[in-house]
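The values are calculated or read from the model by the stated rules, or taken from the named source; none is laboratory data. Here the structure is a predicted model, which is why all the values come from computation and not from measurement. Positions of Cβ are backbone-derived with ideal geometry, glycine not excepted, and every protein chain shown enters the neighbour counts.
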Amino acid sequence: MAGQMAVDPSRPHVVIVGAGFGGLEATRGLADAPVHITIVDQRNHHLFQPLLYQVATATLATSEIAWPVRHLVRRQENVTTLLGSVAGVNIEAKQVMLDGEEPIAFDVLILATGARHAYFGHDEWEPYAPGLKTLEDATKIRRRILSAFEQAEWETDAAERAKFLTFVVVGAGPTGVELAGTIAELARDTLRGDFRNFDTRSARVVLIEAGPRILSSFSEDLSGYAQRALTRLGVEIKLGRAVSKCGEGGVELDGEFLPAKTIIWAAGVAASPAAEWLHAPADRAGRVLVQPDLTVPGHPNIFVIGDAAHVETADGKLVPGVAPAAKQEGHYVAEVIRARLKGGSPGAPFAYRNAGNLATIGKREAIVDFGWIKLKGRIAWWMWGIAHIFFLIGLRNRLAVALSWLWIYVSGQRSARLITQGNIRKGGN
Ligand SMILES: Cc1cc2nc3c(=O)[nH]c(=O)nc-3n(C[C@H](O)[C@H](O)[C@H](O)COP(=O)(O)OP(=O)(O)OC[C@H]3O[C@@H](n4cnc5c(N)ncnc54)[C@H](O)[C@@H]3O)c2cc1C
């Protein structure tokens, strides 16, 4: 195939599947190494997932949080980028198998294919309760939220209108909390005064969590603070309630039915099928149980990193599925490959450095836990904002996002309020 023609046969061929946080960092780490790299991704863009909820809630535009992979690596001459969907790995033949394309041969393989949302064995809920992972998911959720308000404007029956104005978010991790807080602000501030037949402030935003508290990865103190901040924004929080069914008209919670036209799933995560491709041991979420040097047991030339890998810290805790962990693992794997090229040994096993835990509640509050310091409120929000702007790619995007946030901060207005790809009232989804 055309992509393979560009491979320099005199150099080892490193194939990296996935241009997310892990895959890109591994690519950068091998910038001046004597290898040829082929990046394969099923999408043509690298996505900054931490701000995906802002696209879903009409705060940012899609192009502000995603960048073409090809452009990001254009100056790295040892890289070829291919748009393609990997369907498996032939370990014996050392080939990556693709949907509809010729296999790609590799000397070293790095699988960095991430994770997706999971419905605890109830995939049939997905059409009613989309999760948030891709730009398409985000624009779909945005369409559903904005269309619900449009439909409420047409509705004359109060009970039916209330269903359109009830937004249910399932799962109170950072994504669920961020979505619920922002939808509440959308209803209370942004859309206020735009509709004639109802007051947008009458919208209900319900956050459902099966566990005993929201944001369980934070300390009880910070999680309690976040709960009070969300309640102040008008979000109803239902703790210790498991969803037993999601359907067209709403959700069922331990026998109670909650009518709602918009349901968003932020509850479960499953790794991409890397373990199945490799026939490798995996944990319950499908993450490959890798060795301390992030290789697959018995296959020193195959690495799995990021959300697709089960990596443990020195004290036996699971390294969290967050962007800094994926980046650190990508960087580490590049170091291992470079050491091997020099004939050396990989050195020390991978060691995760906790870069902190952050979550926002609406446009003014956040909680931050760096281990050595815990912050909450506005100062935490500024820290969260600065950290995210710093990690965005490109000056133009940094300025655009900073300006959008500043504008929302002072005016409450969100500019990305567009219903695209179909009108639900006319049969879209
Ligand atoms: C909504 C949301 C909010 C988040 N918020 C935060 C946050 O605030 N802070 C934080 O640190 N982390 C956050 N995370 C987690 C963080 O985004 C992940 O931990 C990180 O993206 C993992 O990096 P990765 O490289 O393993 O995978 P990803 O970044 O997911 O990249 C995987 C890549 O693999 C590609 N791919 C997948 N399957 C195939 C295939 N079969 N063939 C070809 N290509 C394939 C995908 O297209 C993608 O580009 C969030 C995640 C989500 C979904």
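Checking the condition touching a strand residue (DSSP E or B) at 6+ places or on another chain (Cβ under 9 Å), in a helix (DSSP H, G or I) and buried (at least 20 other Cβ atoms within 10 Å of the Cβ), which residue from GLU178, GLU185 passes? Within the list GLU178, GLU185, the selection yields GLU178. Flag: SER10 does not match the condition of being more than 19 Å from ALA138 (Cα to Cα), of a type in the set (S, T, N, Q) and within 10 Å of the ligand (Cβ to nearest atom).
ARG353 falls short on exactly one of the conditions (1) assigned to a strand (DSSP E or B); (2) more than 18 Å from the chain's Cα centre (by Cα), and that condition is (1).
The listed residues are ALA87, ALA26, ALA58, and the only one of them that is part of a loop (DSSP other than H, G, I, E, B) and either among the small types (Gly, Ala, Ser) or modelled with pLDDT of 95 or more (or both) turns out to be ALA58.
Residue-by-condition table, conditions (1) β-branched (Val, Ile, Thr); (2) touching a residue at least 24 places away in the same chain (Cβ under 8 Å):
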{"position": "GLY173", "(1), (2)": "no, yes"}
{"position": "GLY176", "(1), (2)": "no, yes"}
{"position": "PHE195", "(1), (2)": "no, yes"}
{"position": "PRO212", "(1), (2)": "no, yes"}
{"position": "GLY224", "(1), (2)": "no, no"}
{"position": "THR231", "(1), (2)": "yes, no"}
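Cβ separations smaller than 7 Å between residues 6+ apart or across chains give the following pairs from the range 248-263 residues that are without any contact (Cβ under 8 Å) to a residue 24 or more places away in the chain and charged (D, E, K, R) to residues that are assigned to a strand (DSSP E or B) and surrounded by fewer than 19 Cβ atoms within 10 Å (Cβ to Cβ): GLU252/SER244; GLU252/LYS245; ASP254/SER244. Within the range 55-89, being polar (S, T, N, Q), out of contact with any helix residue (DSSP H, G or I) (no Cβ under 8 Å at 6 or more places or on another chain) and within 15 Å of the ligand (Cβ to nearest atom) holds for one residue alone: SER85. Within the range 363-382, does at least one residue satisfy the condition of being within 16 Å of the ligand (Cβ to nearest atom), under 30 Å from HIS36 (Cβ atoms) and either over 19 Å from the mean Cα position of the chain (by Cα) or among the β-branched types (Val, Ile, Thr) (or both)? No, the range 363-382 has no match at all. The set of residues in the range 364-393 being over 29 Å from LEU72 (Cβ atoms) and surrounded by 13 or more Cβ atoms within 10 Å (Cβ to Cβ) consists of ARG364, GLU365, ILE367, ASP369, LYS374, LEU375, LYS376, GLY377, ALA380. Within the range 248-297, if we keep just the residues that are part of a strand (DSSP E or B) and among the polar types (S, T, N, Q), the residue that is nearest to the chain's Cα centre (by Cα) turns out to be THR262. Considering the range 317-338, and only residues there that are basic (Lys, Arg) and at pLDDT 95 or above, the residue that is farthest from the ligand (Cβ to nearest atom) turns out to be ARG338. Name the residue that is modelled with the highest pLDDT, counting only residues in the range 372-401 that are of a type in the set (Gly, Ala, Ser) and farther than 24 Å from ALA226 by Cβ. Going through the qualifying residues, I end up with ALA400.
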